[in-house]
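Engineer: What follows is a structure written as structure tokens; I'll ask about it next.
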Amino acid sequence: MLSTYVPIVGLFVLAAGFAVFSVAVAPYVGPRRYNRAKLAAYECGIEPVDQPLTGGRFPVKYYLTAMLFIVFDIEIVFLYPWAVANDALGVWGLVAMVVFIGTVFLAFAYEWRRGGLEWD
């Protein structure tokens, strides 16, 4: 009975071995051309500034982009099981998914119209 799990365990061992090997060998094989730009903090294209310990203000665009990602990620999470069980759901499943996709599309069109997808 346990012999059916041997390929899965072997795959986990192979993946873990590759990860450990990659992390261990990277400092020796990778390039060592450090400069001031590479050692500086990177904040998504914005020049880093000194901020107080309590934190600073971030542009709202970061949060809007994160929310858009979450909305469309959740849409895909709901679409995959529906696509797998499409035959068993029948017409009711089709109508429910059309309403769901229509709602998400309306949200996307609203965000697009408001300029949430434009980067200045």
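Engineer: For the stretch 2-14, what does the Karplus curve 6.51 cos²θ - 1.76 cosθ + 1.60, with θ = phi - 60°, yield as ³J(HN,Hα) per residue in whole Hz, taken in order and with x for Gly and Pro?
Structural biologist: Taking θ as phi minus 60°, the curve returns 6, 5, 6, 8, 4, x, 5, 5, x, 5, 5, 5, 5 Hz for the stretch 2-14.
Engineer: Let me ask you something else. Can you list the equivalent-ellipsoid semi-axes of the stretch 57-120, largest first and in whole Å, using the square root of 5 times each Cα gyration tensor eigenvalue? Each step should come with its number before you reach the end.
Structural biologist: On the way: eigenvalues 184, 32, 8 Å².
Ellipsoid semi-axes (Å, largest first): 30, 13, 7.
Engineer: Which order do THR103, THR4 fall in if you start with the one that has the fewest other Cβ atoms within 10 Å?
Structural biologist: Listed from fewest to most nearby Cβ atoms, that is THR4, THR103.
Engineer: I need the phi-derived Karplus couplings for the stretch 108-118: 6.51 cos²θ - 1.76 cosθ + 1.60, θ = phi - 60°, integer Hz, Gly and Pro marked x.
Structural biologist: In residue order, the calculated couplings are 5, 5, 5, 5, 5, 5, 6, x, x, 9, 9 Hz.
Engineer: Counting other beta carbons within 10 Å of each residue's own, what order do GLU111, GLU118 fall into, fewest first?
Structural biologist: With the sparsest Cβ surroundings first, the list reads GLU118, GLU111.
Engineer: Return the sequence-ordered ³J(HN,Hα) values of the stretch 16-31 in whole Hz as given by the Karplus equation 6.51 cos²θ - 1.76 cosθ + 1.60 applied to θ = phi - 60°, using x for Gly and Pro.
Structural biologist: 5, x, 5, 5, 5, 4, 4, 5, 6, 8, 4, x, 8, 9, x, x
Engineer: If we count every other residue with Cβ under 11 angstrom of LEU117's Cβ, Lys/Arg +1 and Asp/Glu -1, where does the sum land?
Structural biologist: With Lys, Arg at +1 and Asp, Glu at -1, the net is +1.
Every read-out reported here was derived from the displayed coordinates using simple, explicitly stated rules and does not represent laboratory data. Only a predicted model underlies this, so the values are computations on that prediction, with no experimental measurement involved. Positions of Cβ are backbone-derived with ideal geometry, glycine not excepted, and every protein chain shown enters the neighbour counts.
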